[in-house]
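The values are calculated or read from the model by the stated rules, or taken from the named source; none is laboratory data. Bear in mind that the values here come from a model prediction, so they are computed numbers and not experimental data. With ideal geometry, Cβ positions are generated from the backbone for all residues, glycine too; neighbour counts draw on all protein chains shown.
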Ligand SMILES: [Zn+2]
Ligand SMILES: [Zn+2]
Ligand SMILES: [Zn+2]
């Protein structure tokens, strides 16, 4: 069994460390300055298991006392995406969310339209279907990050939604 020793928060996972090395190398190769601020954005994403948007990342870093501008967060996210270190996800919020992609299997996101709950589904079956569809159309499957919008079954049955009023976006 894996040891349950919990080290300090600064202790990054192997996955995060490898991603950081890749990021540093890619920045170097492309002539970008490898700044501490940029690395903190990568770490924040790799320490998190959720799907963060740029503002959430900015706020989290601010709370940790890291001085970074919103523009730097946005720019760094673009770089991370360019280097295939994050995936972009559309949760239906009219802005982009990000998640780590290095060392993470391709997966499907099922998003509740009413309460924003996001469930990640890893499926070999889905992988095979996509592989077949790509092949049929003359492609080789690369990476994917899929979104499906649905409704929690509970809510459908009881017409209850805990968060629907919070995101009141009447058009
Ligand atoms: Zn959002
Ligand atoms: Zn729901
Ligand atoms: Zn995900």
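Values as computed for the structure displayed
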quantity	calculated
Matching residues, the range 139-155, being touching a helix residue (DSSP H, G or I) at 6+ places or on another chain (Cβ under 7 Å) and surrounded by 13 or more Cβ atoms within 10 Å (Cβ to Cβ)	141, 144
Residue in the range 115-131 that is in the same structural domain as residue 148 (by TED's automatic domain parsing), within 15 Å of ligand 1 (Cβ to nearest atom) and either farther than 23 Å from residue 144 by Cβ or surrounded by 20 or more Cβ atoms within 10 Å (Cβ to Cβ) (or both) present	yes
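Let's see how each residue does on (1) within 16 Å of ligand 2 (Cβ to nearest atom); (2) crowded, with 19+ Cβ neighbours inside 10 Å; (3) not assigned by TED's automatic domain parsing to the domain that holds residue 150:
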position	(1), (2), (3)
67	no, no, yes
74	no, no, yes
80	no, yes, yes
92	yes, no, yes
111	yes, yes, no
